[in-house]
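A short write-up of the structure that comes next.
The values are calculated or read from the model by the stated rules, or taken from the named source; none is laboratory data. What you see is a predicted model, and the numbers here were worked out from it, not measured in a lab. Methodologically, a virtual Cβ is constructed for each residue, glycine included, from the backbone with ideal geometry; neighbour enumeration extends over all protein chains shown.
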Amino acid sequence: MATHHNIVKAAIFALFGGLFFAILGIMIKMTTREFSSEVVVFFRQFFSLLTLMPLLLLERAQGHTLKTKVFPLYLLRTFVSLSAMYCLFYALKHLTVTDALVLSYTRPLFIPLIIWVWFQKKVKAITWWGLILGFIGVILVLKPQPHHTFNVASIIGLASGLFGGIAFTAVRKLTKTEPPTRIIFYLLILSLPISIIPALSNWQTPTPLIWTYLLVIGILATFYQAFVTLAYKYAHTSKVSSILYSAVIFGAIFDWFFFDQILDFIAIIGVLLICVGSILVVKDKKALIPMDRK
């Protein structure tokens, strides 16, 4: 059972995680306004791998092996994680940082549905209420108009939440047999040869300023993952996820400060409903845990 001291530590780490994710969103938006998103995705993974390489080499020196019996699951996780990343980067380029972040943070709403389909696991009533509230919030954020379709960028942003939910489910299954460093290593090492194809197809030679942005994005992504991992170490998913929504608040502040963009009242209500709905979902501890097939 988590002690008060551990919960405080988890809250601090989660707040820093939310802050770094919001800063990461700003950096990606600034970079992709005049630069290829596909190239940014590739270098995001490349510089993250470089940042983590000392730790991976240390683990290797201590005798930890990279051999695995679940390689197909690693491939699935890599494809859906990259898909989530491409969708998020596109959304950040075309939407406000706040809207893009909150749509990507809909992944807890998809996880019970994914587990229901993937593992035939029943969904509790409180989880259904969370899903209903959350998706009403999504509709308010997407702002459909009579005789008009949804904003394409918003739909793609929502898709980042769906792919993120599949990736989360795959990771939860991987953690049953795989150590964290191996999970991180396979994501980065498998994503490089996959992401280099669209990067080369949309290649732009980075300027010195863009090189700096790309390096900072890779480092920020690594720190974000580190803070989130530490937060989950000291408290349950429900508590950590609630605090990670601070990224949306930080994103709104950055939107106002850097781009003079302010959320309208309907969007604020939508964001709140998504946050409340997602928190209700993660309160059901079993809703986020995939079961093994018999």
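Selection of segment 128-143 for residues being in contact (Cβ under 8 Å) with a residue 12 or more places away in the chain and over 17 Å from GLY161 (Cα atoms) yields TRP129, LYS143. Scanning segment 113-168 for residues that are closer than 24 Å to PHE89 by Cα, modelled with pLDDT under 80 and of a type in the set (A, V, I, L, M) yields VAL141, LEU142. Looking across segment 278-289 at every residue that is modelled with pLDDT under 55 and buried (at least 18 other Cβ atoms within 10 Å of the Cβ), the one that is nearest to ALA167 (Cα to Cα) is identified as LEU288. Residues of segment 53-76 that are aliphatic (A, V, I, L, M) and touching a Phe, Trp or Tyr at 6+ places or on another chain (Cβ under 8 Å): LEU56, LEU66. The set of residues in segment 190-200 that are among the small types (Gly, Ala, Ser) and more than 9 Å from VAL39 (Cα to Cα) contains only SER191. What tally of residues in segment 196-212 results from selecting those that are under 24 Å from the mean Cα position of the chain (by Cα) and either among the small types (Gly, Ala, Ser) or over 16 Å from MET85 (Cβ atoms) (or both)? Number of matching residues: 4.
Take the conditions (1) in a helix (DSSP H, G or I); (2) surrounded by 14 or more Cβ atoms within 10 Å (Cβ to Cβ); LYS121 misses just one of them, which is (1).
For segment 160-175, the criterion of being in a loop (DSSP other than H, G, I, E, B), touching a residue at least 12 places away in the same chain (Cβ under 8 Å) and among the charged types (D, E, K, R) is satisfied by no residue at all.
Taking ARG77, is it under 14 Å from the mean Cα position of the chain (by Cα) and more than 30 Å from LEU273 (Cα to Cα)?
no
Among the candidates VAL102, VAL117, VAL80, VAL123, the residue that is among the hydrophobic types (A, V, I, L, M, F, W, C), more than 26 Å from VAL248 (Cα to Cα) and touching a residue at least 24 places away in the same chain (Cβ under 8 Å) is uniquely VAL123.
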